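The values are calculated or read from the model by the stated rules, or taken from the named source; none is laboratory data. The structure displayed is predicted, hence computed values, not measured ones. Positions of Cβ are generated from backbone atoms using ideal geometry, with glycine treated the same way; all protein chains shown enter the neighbour counts. Note: accessible area is taken over every heavy atom of the protein model, side chains too, but ligands, DNA and RNA are not part of it. Shrake-Rupley method; radii C 1.70, N 1.55, O 1.52, S 1.80 Å.
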Amino acid sequence: MQGNTVPPTGRIDLILDELNRQRFANASAMQCKVCWYVYDPEIGCEEWDIEPGTSFNDLPEHFTCPQCGNDKSVFLPCEKENGD
């Protein structure tokens, strides 16, 4: 844990969810580590009818990569290159 952050307590699934939300909070985009699909919250996801402006944390739990079908757990933070 960084700084003076107090670790969450309670059910492990809720703890892991909160830690992932904190980890991905500042990510502008998320990339599937299997097929390299990039979820960009500014664009959304047409295949899932996800509106532009929807953060990765706010995607439904059943969201899967529209290219390879893997779940949200395989996505990693992805920095956009300049000009994107």
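If you go through the stretch 55-76 one residue at a time, how many are touching a residue at least 12 places away in the same chain (Cβ under 8 Å) and touching a strand residue (DSSP E or B) at 6+ places or on another chain (Cβ under 8 Å)? Qualifying residue count for the region: 12. For the stretch 64-82, filtered to residues that are open to solvent by less than 80 Å² (accessible area, probe 1.4 Å) and part of a loop (DSSP other than H, G, I, E, B), the residue that is modelled with the lowest pLDDT is Lys80. Number of residues in the stretch 16-44 that are aliphatic (A, V, I, L, M) and loosely packed, with under 13 Cβ neighbours inside 10 Å equals 2. Just so you know, in the stretch 45-63 the residues that are in a helix (DSSP H, G or I) and either at pLDDT 95 or above or of a type in the set (D, E, K, R) (or both) include one that is least open to solvent (accessible area, probe 1.4 Å), and it is Trp48. Within the stretch 2-42, restricting attention to residues that are of a type in the set (Val, Ile, Thr) and at pLDDT 85 or above, the residue that is nearest to Val74 (Cα to Cα) is Val34.
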